[in-house]
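Derivation of every value follows stated rules applied to the coordinates shown; laboratory data play no part. Treat the numbers as computed from the prediction; the structure is a model and nothing was measured. Positions of Cβ are backbone-derived with ideal geometry, glycine not excepted, and every protein chain shown enters the neighbour counts.
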Amino acid sequence: MTVPSLPAQLSNSYGNIANALGAVKQQQQGQKGSVGMKLAQPYRSQPIGLQQARAMFDPSQFFTMLRQHGVKA
C-alpha cells in the first residue's frame, strides 16, 4: 500500500504555517510604524538627608549582620 496524499498534506500544512507566519509578520510591521516602542528610563535615585539616613540606620541589625558573616571585634 502506498499513500500518495501524505506528501501533499505535508506540503499543504507547511504552506499554511508559512502563510500564518507571513500574516503575523505583516501585523507586527504595521504596529511598528504606528505605535513605536517606548524605551525605559534609567532609574535615578533620590538623595536623602542625613536625618533621614540616621532614622533608617539600625546599628543593632548592622552589627548583628557583621557578626553573622564572621567579623569579630
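Expected output is a single nm value to one decimal: the length gained when fully extending between Ala53 and Ser13, i.e. 0.36 nm times separation in residues minus the C-alpha distance. What is it?
Full-extension gain reported as 7.9 nm.
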Between Gln61 and Ala23, the two model label points (7 Å from Cα along the beta-carbon direction) sit apart by a distance in nm of 5.5
